[in-house]
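Just so it is clear, none of the values below were taken in a lab; they were calculated from the coordinates. Keep in mind that this is a model prediction, so the values were computed, not measured. Here Cβ is always computed from backbone atoms with ideal geometry, including for glycine, and neighbour counts include all displayed protein chains.
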Amino acid sequence: MDSKMVNLTINGKAVSVPANSTILDAARALNIKIPTLCHCDKIGGCGISNNPASCRICVVEVENRRNLAPSCATPVMEGMKVHTNSRRALNARRTILELLLSDHPQTCMTCAKNQNCELQELAAEFGIEEIKYLGERNRFKPDASSEAIRRDLSKCIMCRRCETVCNKIQTVGALTGYGRGFSAKVGTANLIPLAESNCTFCGQCVNVCPVGAITGISYVKKVWDAINDPAKTVVVQTAPAVRVAIGQEFGFEPGAPVTGKLAAGLRALGFDKVFDTNFSADLTIMEEGHEIVERIKANKKLPILTSCCPGWINFIEHNFPDLLHIPSSCKSPQQMFGAIAKSYYAEKIGVAPKDLVVVSIMPCQAKKYEAARPEFAKDGVRDVDYVVTTRELCKMFKEAGVNLANLEDDVFDNPLGESSGAADIFGVTGGVLEAACRSVYFMLNGKNLEGDAINFRAVRGLDGIKEASVEITPGKSIRVAVCSGLGNARKVLEMVREDPNRFQAIEIMACPGGCINGGGQPFLHGDSALLEKRMKGLYTEDERKVLRFSHENKDIQKLYAEFLGEVGGEKAHHLLHTEYHSK
Amino acid sequence: MCCQQMSEAAKAKFAELDRFIDTLNIDRKNERRRGWLIRSLHRAQAIFGYLPREVQQHVAKRLFLSEAQVSGVVSFYNYFTTKPKGKYCIDICLGTACYVKGSQNILAEIERMLGVKADTEPTADGLFSISALRCVGACGLAPVMIVNGKVYGKLTVAKAIEIINEYKKQG
Amino acid sequence: MQKITSQAQLLELYNQSKGSLALRLTNEHDIHSVKKEILCCGGTGCHASESLSLMQHLREEIRKNGLEEDVKVVQTGCFGFCAQGPIVKVMPDNVFYVQVTPGDAREIVQKHIIGKELVEHLLFIDPMLKERIHDYEKMSFYAKQKRIALRNCGLLDPEDITEYIAHESYQGLAKALFEMTPDQVVQEVLNSGLCGRGGAGFPTGLKWKIAAGVKADEKYIVCNADEGDPGAFMDRSILEGDPHSIIEAMAIGAYAIGAHQGYVYIRAEYPLALDRLIGALKQARELGLLGKNIMGTDFSFDIDFRLGAGAFVCGEETALIHSMEGLRGEPTTKPPFPANIGGGVWGCSTNVNNVETYASIPVIIKKGAEWYRQIGNWKAEFDENGNWVRSISGNSGTKVFALAGQINNVGLVEVPMGTTLREIIYEIGDGISGGHEFKAVQTGGPSGGCITAENLDTPIDYANLQRIGSMMGSGGMIVLSDKDCMPSMAKFYLEFTKDESCGKCTPCRIGNRRMLEMLEQICNGTGTVEMLDELEQLARTIADTALCGLGQTAPNPILNTLRYFKAEYLAHVVDKKCPAGACPNLYTLHVTDDCVGCTKCKRNCPVDAITGELKQKHFIDPAKCIKCGQCIDNCPKKAIVKG
């Protein structure tokens, strides 16, 4: 890092910034706002920036320079005199915006991103009152081929953010700049439907799209229909990461857990039972912990890889067909919940599985794809019927006039609502492995870890790849890795290919930081500090709980006693495990 | 494309492409392998005549690149085409020298006469496809038309139509 | 072939072989000499007009007459006089034949080679001198030219390295390697005043100095042969006709900046140039002029090629670098510049120059900067050691132009900087063709502009052309006459830049489209006066905000024609007339009283819009007419006019 400082003036104000700064950085240091569109620092919460300098909305006037300078990509220089709001710069920006709008559908009111669109926001700020340039517009048929992500290239403004996350961060490589000139867009290979591409549906592209070109496929209407159908019993489960993210949309401190409000809100929407995915997270730990113990004892099929994350499972199915035998065979908590709801619970309440509707509230787009996998349905009845993302749930609340801030805390229903703190931390990178280690220790040693030893701090934090040794039995450690972001997953899997003995257990989450940064979470709007807060929220939730071990969840114990039988037994295998196929 | 369904001819073409790619000594771990992409696509187009999706997929696989990466490049460069061409490829030069000598009229007339637009599908009988080119560097002969590599210079609309009709007769 | 392992060996080889070019280089012209060489142009243009078959026929005739011992047919690079191709030059007779067909081979051999008589009907009729002439130095087309970059084109066989050795090639490289330090080479190029011939005119020496100053083990030197300006083909001619100059220059550049690998990025549309380059690379390697330990020194350097694939924007150096890396050819903002670490090929410091720039380097090194800067109109300040301090005005050396359009002599011309446009158009180009009036000359291709009659006496250099609203560009020079419509010309260039925009930045991607749409409305009669202001405002913003040179200069053809031809725009939007008669919506076709009723137009009309009886005046139904112009082409009496 160059520590030399450079002095310049912006709009007559002097500022001193490090030599490798851009004009935009310097302006921000002075609290001078320059509009941006394509530029995105730490996109997807990672250290990588999207900086193609292509939208040109951030141009500023620099004295003695021939043309206007894109502030996002122009390095500062000693003595530079910058004017961010000169007539020339403002006129140019307005023209740029008018050009963008001239190739954009004027359908804001019916757009999924209405009021959450950076282009719309700029149009409002600039006071655009008419579309100045009339002419040909790019028209594409929206692609709703997949269960998870909808793309409408007619709205694409070529900021390339999605392309950057898909290729540089996730290394999925489903998206590319396609074509050139006026019709250039970011698309799939040969513009094939997303469902036919190698997309993992991680949804990181949805999170960064500044406009409505990439959105989630919404099942909200179907959920309303089900709620209002007297023939259906509708139960809802909500994932751990939802409770620390949704609050910000209702004026709570970002990252603060609002579990009680969330339960109350869901009940207010009319769900018959409000359950918790945390319950099945504990269940996952029972099965997966057992699997870890077995594999380590047998020293076979190691390292074991976690399998909770559907984006990650899609990724390995597409890219590492040679390693498909090592992920845990456990279904994800969402699907375990569905399987138990449609069997154990349906039986218990005497409702036919087809009349029991399972809705899940997820931080994720890939969960929509996962819920629709054919192996997760029996006789045409899906284990999980509809997936609603955190963002979509906010809209449901708003539509129904439910303001979480005005609700009293409530609790989840039984028997699928009880959970341990180990389940809460599933929502953040490292959490699944930590939760598993707590129970694996018990399984191997017949006693729990005590005191601070239950907090596996070595696997915590938002770093993309973490390696550690964890003691699973006094004096015996295993090598583990935790990674989040599919680009990091690729790196770790390459390590495994090179040296299969390097690790014994690996947790992988598709989204950088884990589910707290899932493709269905409230937008970060470029503020990656929010992830830090959401993470803290989950660890607070864990520590707040009396119950810290999955295997101590009484309702889980009851489930095995009443219904499943042995942990890792035949029935459990039948209902709670799956297999993977190369794509 | 599944191997069983592939014709012998197609198999031979893929084999020829493979022989070329084999000479490149592609190293999966070296990011510079990407540098061979455009040359590989040129070779593939020379072999197959165009770059349909299965050829792009093949190149992607052999160069350890994503299909999207290959497609992004193919769709960027004018020289690459994803559609088969007619038996006779008519290239009309629309470089400046040809333009000021009226090449756009020639193009318009040929498009009208054959009923297809430049840079789209070949004619229904598969005989002709038209492309508009930017300067082949034969400005001295403007306006210029090229049919399957043979250059016709100093054209008029009437002369161009006569030439096309000759090819039509040959079938 | 034995590898050359020292400077002395190169000179020895030169001395041994220089005699082989005696017939070609002699000043003693003699039609009676027994030994002869028949030079035939082997450039793309002449290939297109059957020069290959012509050469075959010539060889066949020579064989039939048992003259193989004394008469040799040599395929050379381009003579530049493309409109008159195929060109044949007989040496030492110094006789220049034009538009020679394979059928003329027999006559040339019988009458000229055996009969020692000129084949009169194949001689060029100089339109200026109004006589048939055989001496090419006397032809107005060549008289004012000064061929440096094109020095070997039309003289040597590009497929035979020994001819190059015999013509002093690789002596510049030898001088650099054996007599100069890399810094001295850079200084020599700086002192020569050579500027980038690709269009922007950045001092080449300065570029080298920056690259040389970067401390890195891995550097690259690249030749930009992605000539994309529609209407310019000098780079193609040089690669086809003189590939060794490029190889030699790149080796000199590599030595100067500290690179060991070079790439030629070449258009896929230039297959012949690529073939010649590949052949030349092979021969240079065999002779030890490329590869490990060049000429026995410890300098190692080799060259490979990368193919373009049809994208004009790849002429922009950052886009070119991305294309070489197998990416979409999208430019990125500078800095980092290619010479910077992180900015070049694979992130390594990279120097990019274009073909024509490289072509002058070997002679600059061999003959010295002092010699080179005598050519042209460069004024500069030098320090006490004779080193360049700053430029004052003008430029040194020569520039090659591709002269085309409504002009009599079409072809490649190379003139000293400072030559006026008038000299080029009226002397070298011999004026406007078809008896039309000069209207403007377009330079700089899609990035440039039109120069009007009032500026014809401006001496050509980078700054002057920019001052009068155009630019040097890569050297396309299109002459326009009163039958060319200026809004249509602007539209033509916008169509080009719209097609060639990479689509990355907003102003270029959408803005060019919008400008084109406005121009289309102007040209089809639906434009308004307000639209002209709107167009100009948008054009200025695009120039001010686009990411790369392509986008920043795309509005030039509009801004420039709006400046000089506002009246013509107004005629389109106010009177709804196209004064040049080029915009189909703004004129109709009429049959004049000159019509003799031959019915030829009627028979050739593709839409049956023409009626009339034999020997009676015909009529065109404007409702049916599609203005394809076939009737005009076919009318023997020129009785169909636009109005």
Relative contact order computed over the range C:487-575 (Cα-Cα under 8 Å; 6+ residues apart), in percent: 37
Sequence-distant residues sharing a close amide H with residue C:155 (under 5 Å, placed H): C:77
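I'd like the per residue volume of the convex hull spanned by the Cα atoms of chain B, given in cubic angstrom.
Values: hull volume 23.0 nm³, N = 171.
Per-residue hull volume (Cα only) is 134 Å³.
Just the number, please: Stokes-Einstein D of the range C:398-484 in µm²/s, Kirkwood Rh from C-alpha pairs, 10 °C, 1.306 mPa s.
129
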For the range C:210-355: Kirkwood Rh in Å [reciprocal of mean 1/r, alpha carbons]: 15.2
Leading residue at positive end of dipole, the range C:450-552 (Cβ point charges), from C:475, C:537, C:508: C:508
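In peptide A:89-97, how many Cβ atoms from other protein chains are near each Cβ within 10 Å, on average?
Taking the mean over all residues of the peptide, I get 4.
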Spin-label pair residue C:585/residue A:583, simplified geometry with 7 Å Cα→Cβ offset, distance in nm: 4.9
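Across peptide B:44-57, how many C-beta atoms of other chains are within 10 Å of each residue C-beta, on average?
Partner-chain Cβ atoms within 10 Å, mean over residues of B:44-57: 1.
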Values of log10 I(q)/I(0), in the order q = 0.07, 0.08, 0.09 Å⁻¹, for chain A under a Debye, Cα-only, solvent-free model: -0.44, -0.56, -0.71
Net dipole in debye of the protein assembly as shown [+1 Lys, Arg Cβ; -1 Asp, Glu Cβ; about Cα centre; nearest 20]: 960
Neighbour net charge for residue C:561 - beta-carbon separation under 12 angstrom, K R +1, D E -1: +1
Equivalent ellipsoid semi-axes, the range A:217-346, via Cα gyration tensor eigenvalues times 5, rooted, Å: 32, 18, 15
Helical mean residue ellipticity (222 nm; -39500 (n - 2.57) per DSSP H run of 4+; nearest 500) of chain C: -9500 deg cm²/dmol
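Based solely on its DSSP helices, what 222 nm [θ] is calculated for chain B when runs of n ≥ 4 H residues each add -39,500 (n - 2.57) and the sum is averaged over all residues, nearest 500 deg cm²/dmol?
So the helix-based figure for chain B works out to -14000 deg cm²/dmol.
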Derived scalar couplings ³J(HN,Hα) [the range C:175-192; Karplus, 6.51 cos²θ - 1.76 cosθ + 1.60; whole Hz; x for Gly, Pro]: 4, 4, 5, 9, 10, 10, 8, x, 4, 5, 5, 4, 4, 4, 5, 4, 5, 6
Taking the C-alpha atoms of the range B:7-76, convex hull volume expressed per residue in Å³: 78
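Of the cross-linked pairs C:89/C:111; B:83/B:169; C:576/C:617; A:232/A:545; A:301/A:536; B:154/C:602, which ones have a Cα-Cα span greater than 22 Å in the structure shown?
B:83/B:169; C:576/C:617; A:232/A:545; A:301/A:536; B:154/C:602
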Relative contact order (%) - criterion: Cα under 8 Å, at least six apart; region: chain C: 11
Total formal charge among the other residues, if their Cβ is under 13 angstrom from that of residue C:520, Lys/Arg +1 and Asp/Glu -1: +1
Dipole-positive endmost among A:171, A:159, A:298 within the range A:150-309 (Cβ charges, Cα centre): A:159
Cα-based Rg of the range C:588-642 normalised by 2.2 N^0.38 Å, two decimals: 0.94
Cα-based equivalent ellipsoid of the protein assembly as shown: semi-axis lengths in Å, sorted from largest, via gyration tensor: 67, 36, 31
Helix-only [θ]222 nm of chain A, DSSP H runs n ≥ 4, -39500 (n - 2.57) each, per residue, nearest 500: -9000 deg cm²/dmol
In Hz, Karplus ³J(HN,Hα) per residue of the range A:273-278 (6.51, -1.76, 1.60; θ = phi - 60°; x = Gly, Pro): 9, 10, 10, 10, 5, 3
When each of C:3/C:367; C:334/C:491; A:491/B:85; B:29/C:215; C:146/C:439 is checked by Cα-Cα distance, pairs over 31 Å: A:491/B:85
Fraction in percent of alpha-carbon pairs per bin - 5 Å, the range A:5-100: 3, 15, 25, 25, 19, 10, 4, 0
Mean separation of Cα contacts under 8 Å, 6 or more apart, over the residue count of chain A: relative contact order %: 16
Size descriptor, Kirkwood hydrodynamic radius, that averages inverse alpha-carbon separations across the range A:480-523, Å: 11.0
Of every Cα-Cα pair in the range C:7-143, the percent that sits beyond 23 Å: 34
5 angstrom amide H check on residue C:71, placed H, neighbours 5+ away: C:36
Computed magnitude of the charge dipole of chain C (debye, nearest 20; Cβ of K, R +1, Cβ of D, E -1): 900
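Where in chain B is the longest stretch that carries no trypsin sites (Lys or Arg not before Pro) classed as loop by DSSP and with at most 14 other Cβ atoms within 10 Å?
Details: sites that count: B:28, B:29, B:117, B:154.
After excluding every exposed loop site, the longest remaining stretch is B:30-116.
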Residue C:218/residue C:466 FRET efficiency (R0 25 Å; Cβ-Cβ; nearest 0.05): 0.10
At 0.890 mPa s and 25 °C, Stokes D of chain C from Kirkwood alpha-carbon radius, µm² per second: 93
Interchain or long-range residues, amide H under 5 Å from residue C:398's placed H: C:417
Tensor-based shape of the range A:107-226 (alpha-carbon gyration tensor, a/c under 1.5 rounded, otherwise prolate or oblate): oblate
Neighbouring partner chain Cβ atoms per residue of C:313-319, average, 10 Å criterion: 1
Cα-based shape type of the range A:37-159, given that a ≥ b ≥ c are square roots of the gyration tensor eigenvalues and the cut on a/c is 1.5: oblate
Label-point separation, residue A:222 to residue A:381 (7 Å along Cα→Cβ), nm: 1.7
Dipole magnitude (debye, nearest 20) for the range A:5-100, charges at Cβ of Lys, Arg, Asp, Glu: 260
Positive-end extreme of charge dipole, the range A:5-100 - chosen from A:91, A:79, A:9 (charges on Cβ): A:91
For the range C:247-252, 3J(HN,Hα) per residue [Karplus equation, 6.51 cos²θ - 1.76 cosθ + 1.60, θ = phi - 60°, Hz, x = Gly/Pro]: 4, 4, 5, 5, 5, 4
